1. Does the stretch 57-73 contain at least one residue that is surrounded by fewer than 16 Cβ atoms within 10 Å (Cβ to Cβ) and assigned to a loop (DSSP other than H, G, I, E, B)?
2. Just checking, how many residues over the stretch 23-38 are over 26 Å from residue 48 (Cβ atoms) and surrounded by 11 or more Cβ atoms within 10 Å (Cβ to Cβ)?
3. Given 9, 48, 25, which one is in contact with a helix residue (DSSP H, G or I) (Cβ under 7 Å, 6 or more places away or on another chain) and assigned to a helix (DSSP H, G or I)?
4. Take residue 253 and decide whether it is within 21 Å of the chain's Cα centre (by Cα), in a loop (DSSP other than H, G, I, E, B), free of Cβ contacts under 8 Å to residues at least 40 places away in the same chain and within 27 Å of residue 199 (Cα to Cα).
5. Could you check the stretch 231-248 and list, in sequence order, the residues that are crowded, with 17+ Cβ neighbours inside 10 Å and over 19 Å from residue 159 (Cα atoms)?
6. Counting just the residues of the stretch 262-274 that are surrounded by fewer than 24 Cβ atoms within 10 Å (Cβ to Cβ) and out of contact with any helix residue (DSSP H, G or I) (no Cβ under 8 Å at 6 or more places or on another chain), which one comes out nearest to residue 226 (Cα to Cα)?
7. Only one of these conditions is not met by residue 9: (1) surrounded by 13 or more Cβ atoms within 10 Å (Cβ to Cβ); (2) modelled with pLDDT of 95 or more; (3) over 20 Å from the mean Cα position of the chain (by Cα). Which number is it?
8. For the stretch 90-107, which positions are within 18 Å of residue 155 (Cα to Cα) and surrounded by 23 or more Cβ atoms within 10 Å (Cβ to Cβ)?
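The values are calculated or read from the model by the stated rules, or taken from the named source; none is laboratory data. Everything quoted here is computed from the prediction, not taken from an experiment. Backbone-built Cβ (ideal geometry, glycine too); neighbour counts: all protein chains shown.
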């Protein structure tokens, strides 16, 4: 065999005993989950801002960032619900480069999943303890979900994972909202089929168990732009794109809680991070001019960190992305207040 079994990893049950969620924090998270769920069910008209670093590579910097978010959240809580991005897995197009905290708890060192699992849980737990804001993470590896399932209030499935059977089936057992991104090809039907699959019950193999799941009615879509056959980025946040998604939802009445999140970066911005405020502004305009789109578009996803842009790992600037470029804090704060004024 070509597999070298390096070490047996800690179990989800063991790591939760080491880093438990206190009863007080459980209650805070339960309230957060209730409020976020109500947005997707159409019972709460607040707007979601799923915002944070492209990859959560440094615990101190990420927690400082989220503490700043918490201050803003308190000021705009009647209009906007902020869900911090603590993305601890980083999909790579070619399989090269930094792959996230779970791989490399120290970005300067080689992979160490044992330490990575500890680092991921500690970061998520610290963020909730310091701010009361439970976070979003991307599910790159479905088998990793049980390590932090009690800490997350939102999960995203990426463009390269959305067609994968195991991702779809795992989502069907989650009890928090899960966003399915359109694939890199841009095909809306793939994304919507993923939502259908995740919303219905399943029986499948998961972590050496045969499991049953009830289906997740909070599964929804995320528009993140696409790439054509020439490698050029194609945006899909414009009015015509949103109306097409609305029509395709209406053609699929089996889908519960029709909803969409607009990713303002990635192919929608052609990875020009400073375009994100303009894109969010256009999305807010579309919602204001069409009541059906106001009901459909529940929020935006923005990549943001303490320092704008991106850097090489060797640069070592605190709070600056080592993966995709992000908005800096000043622009982020301004954007969040602008959203609150316009929703």
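1. No; the residues of the stretch 57-73 include none that is surrounded by fewer than 16 Cβ atoms within 10 Å (Cβ to Cβ) and assigned to a loop (DSSP other than H, G, I, E, B).
2. 0
3. 25
4. no
5. Across the stretch 231-248, the qualifying residue is only 246.
6. 267
7. (2)
8. Answer for the stretch 90-107, where residues must be within 18 Å of residue 155 (Cα to Cα) and surrounded by 23 or more Cβ atoms within 10 Å (Cβ to Cβ): 90, 100, 101, 102.
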